[in-house]
Every structure is written in C-alpha cells, then in structure tokens.
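I have placed the structure first, in the form of structure tokens, so that the comments after it can refer back to it.
The values are calculated or read from the model by the stated rules, or taken from the named source; none is laboratory data. Keep in mind it's a predicted model, so treat the numbers as computed, not measured. Backbone-built Cβ (ideal geometry, glycine too); neighbour counts: all protein chains shown. Surface areas here come from the heavy atoms of the whole protein model, side chains and all, with no ligands, DNA or RNA. Shrake-Rupley method; radii C 1.70, N 1.55, O 1.52, S 1.80 Å.
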Amino acid sequence: MYTEQIDLKVISEDQRKHALDRAGEIIRSGGLVAFPTETVYGLGADGMNAEACARIYEAKGRPSDNPLILHIAGMAQVDEIAREVSPEARKVMDAFWPGPLTVILPKQACVPDRTTGGLDTVAIRMPSHPDAREFILRSRRIIAAPSANASGKPSPTLARHVYEDMKGRIPMILDGGPVGIGIESTIVDMTGDCPVILRPGYMSREEIAEVTGQVRIDPAIAGRTMSKDVVAKAPGMKYRHYAPKGQMILVEGDVSQVVQKINELAAQRQAEGYRVGIIGTDETVPCYQGGIVKSIGSREHPETVAASLYRILREMDASGAEYIYSESFFREEMGDAIMNRMLKAAGYRVITCGR
C-alpha cells in the first residue's frame, strides 16, 4: 500500500480542504488516516465500523483488549455514543473540552465491542487541534483513534514518526507539524460516584479536582510496578508502552548523585563495548562524560520535558543505543504524567541513588 503524506502547513487553503475531504472519504470507506492532535498523532478510523476499528489493531499490532478512544467534534455527539452522562461528567466536559482530557462513560449499544475492547464503557475526547477538529467534521464520522505508532513504541509527535511506523500500512498521513503537548490525554472514569484517573496526562489531578471536588488515582497506575492482572479500562493501563529498542533504566535521587551514578553506569557499559545513551536535562547535560547525550528539556519548564520525551526516545533508537540511562522526574510538576510514560518505557526499571 502506498502511504501519502500531506503537509497541511504548506499547501493552499483550497488544497488543504480538498485533502481533508479526501481523508474523510477514506474514513467513510473503512480506511485509516493518521492525523495531528494537540497531544500526539492519532490513527483514525470510523469508530462505529467494527471492521475499520479492527484495521487499527492490525496496523498497530495492538492487543485486542486495549480499548480505543472515540474523538468527536461537538457535544451533541456525546449522547450518540454514551448511554448515561451524569451532571458531574458534563461539568468536566464543559470545563476541559476541547482539550487533552478523555472521559469514560457507559456506552450506547451502537458502539462496537471491537472499539471498546469488549468493555461496556466508552472513552470519549474532543481534541482542540484545529486540523483534528476539521478532519472529524469533514469525515462526518466519530473517529476512533489511538496513537499512530506501532504498538509498544514511543508515540509519534511528528508526522515522520508516523511514517516510520505506518509506511505501507495506511493510505494517508495528515502532517500538521509538531504537536504542542507531546503526551497523551488524561483519562478520567466518570462511571462511578467519584471520578478516577485511569491515565495521567496533561490535565492534572488538581485541575480536575477544582471542578469535581474529589478525584482518585486508579491503584493500577499509582505504583512503580506493572500490574499483570489489570482489566484495561483505558489505553495504556496494562501493557508496556512507549519503549525504545535499547534497555532503558531510570535513575532517581538528588540530581548531583543521579549524574554521578549515570556517569558510572555509562562508563561501565561502554567499557563492555555497548553503545550507551544518556537522557539528561538542559541543566545537567554538560555534566555527562560520555555516551550519546541528549537533553529532554528543562527542569524549570516541565512542559518542555513532556513535549520532547517521545522524540528523544526515537532519537535514541536512531542512534543505536543499547543501554539508555535517564534522569527521573518524580518530583516535578506534571511528574505523574511524565513518569507514567517513562516507567513504562523503562519496563519499570528504576535505580534509586543512596540505596
């Protein structure tokens, strides 16, 4: 299959509308289209078409019990796919949509089990990215879309990342340039008495609590180990994700101790003949003494860490790094979301300095 990549930033407005219309035709015919959102690039299909959603799982190599998120362009579409929408859920949607928040609600019978991973709930999001919104509108469908990467690999934040993973598997990639946020949406289960965060993301627990008054973190994502018996109520809860090819290890503790420990570990592996990658920050990169050293962003600006994470992991793959040592960010703002991704990328391998 030939994969067409269309750069929406450089073509005329008429050409852009024509490209989005063609993308909509692909969706209506049961095909797949990758498109930009404010979080990461998504791999879209008609969410009400079970066969089309099956093609998403096939293209990604995604486990069939890992549910998909349905992307909508307007509030009226919520009642088409959700059986019950509580006043509390509507408050959350009014506060954070369009934006990087996904809400779990009981599903209507019209939503295929293939879309929801066999669950009786549905995950819904209204993206804020203008290209995503217009693509959904022009498709005249509700779009099921996980991240547009091969399952288990770092999520794509650039169209070329999608092309690396999906070339020959899908007919079209809509290139909207670099995404703004760089990590996936926060997922909140609104089916019970208290909202429960199933995946940390850009919207923090504190921000959600300001609207709901209370919010819990699901125990399955609260720890530093992967729970083997989790029912995957939301994408990313059960399986290893975001992983580079090399073995990644997080090092936590006082920053000066972390730098020293990473230098020691890197020197040891290099002496054994391995290619070693080091993920530091703008503040610490000059302190590293060898290996393939990359800055993930600034500790003073955690949003830069989130925006760069997946790109840096892919660059480590391109460099051929066999071992990757990374600083941790447990205590930073947005730390829950960043570390959730980094822990999964590292397979929950963490070294604590001083122990």
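When the residues of the range 121-130 are filtered to those that are of a type outside the set (Val, Ile, Thr) and crowded, with 20+ Cβ neighbours inside 10 Å, the one that is farthest from Cys53 (Cα to Cα) is His129. Only one of the listed residues (Val258, Val305) is among the aliphatic types (A, V, I, L, M), over 23 Å from the mean Cα position of the chain (by Cα) and crowded, with 16+ Cβ neighbours inside 10 Å. That residue is Val258.
Does Arg205 meet the test of being at pLDDT 80 or above, open to solvent by 50 Å² or more (accessible area, probe 1.4 Å), touching a helix residue (DSSP H, G or I) at 6+ places or on another chain (Cβ under 8 Å) and among the basic types (Lys, Arg)? Here the answer is yes, as Arg205 does meet what is asked. Taking the range 232-255 as the range and being closer than 30 Å to Leu119 by Cβ, open to solvent by less than 10 Å² (accessible area, probe 1.4 Å) and either at pLDDT 95 or above or over 15 Å from the mean Cα position of the chain (by Cα) (or both) as the test, only Ala232 passes. Within the range 50-69, none of the residues are charged (D, E, K, R), touching a helix residue (DSSP H, G or I) at 6+ places or on another chain (Cβ under 6 Å) and more than 11 Å from Arg114 (Cβ to Cβ). Please count how many residues of the range 82-120 are surrounded by fewer than 20 Cβ atoms within 10 Å (Cβ to Cβ), polar (S, T, N, Q) and closer than 16 Å to Val188 by Cβ. So the answer is 1. Taking the criterion of being open to solvent by less than 40 Å² (accessible area, probe 1.4 Å), within 19 Å of the chain's Cα centre (by Cα) and at pLDDT 90 or above, the only residue of the range 209-222 that qualifies is Asp218.
The strands (runs of 3 or more DSSP E) found wholly in the range 236-355 and carrying at least 2 residues that are closer than 29 Å to Ile187 by Cα occupy 247-252, 276-280, 323-327, 350-352. Residue-level check: of (1) crowded, with 17+ Cβ neighbours inside 10 Å; (2) closer than 17 Å to Val258 by Cα; (3) without any contact (Cβ under 8 Å) to a residue 60 or more places away in the chain, Gln289 misses just (1).
If you check Ser319, Ser326 for being touching a Leu at 6+ places or on another chain (Cβ under 6 Å) and either at pLDDT 90 or above or not small (Gly, Ala, Ser) (or both), only one passes: Ser326.
The condition (being open to solvent by 10 Å² or more (accessible area, probe 1.4 Å), acidic (Asp, Glu) and in contact with a strand residue (DSSP E or B) (Cβ under 9 Å, 6 or more places away or on another chain)) is satisfied by just one residue among Glu272, Glu283, Glu327, Glu300: Glu283. One residue stands out among those in the range 145-189 that are in contact with a Lys or Arg (Cβ under 7 Å, 6 or more places away or on another chain) and on the phi > 0 side of the Ramachandran plot: the one that is surrounded by the most Cβ atoms within 10 Å (Cβ to Cβ), which is Gly152.
Note on the range 161-210: residues that are of a type in the set (S, T, N, Q), more than 18 Å from Phe35 (Cβ to Cβ) and touching a Pro at 6+ places or on another chain (Cβ under 8 Å) amount to 2. Among the candidates Ile104, Ile81, the residue that is at pLDDT 95 or above and either closer than 24 Å to Ser204 by Cβ or basic (Lys, Arg) (or both) is uniquely Ile104.
When each of Asp79, Asp65 is tested for being open to solvent by 10 Å² or more (accessible area, probe 1.4 Å), in a loop (DSSP other than H, G, I, E, B) and over 22 Å from Gly168 (Cα atoms), the lone residue that passes is Asp65. Counting only residues that are surrounded by fewer than 24 Cβ atoms within 10 Å (Cβ to Cβ) and either assigned to a strand (DSSP E or B) or touching a Pro at 6+ places or on another chain (Cβ under 7 Å) (or both), the range 30-45 holds 2 of them.
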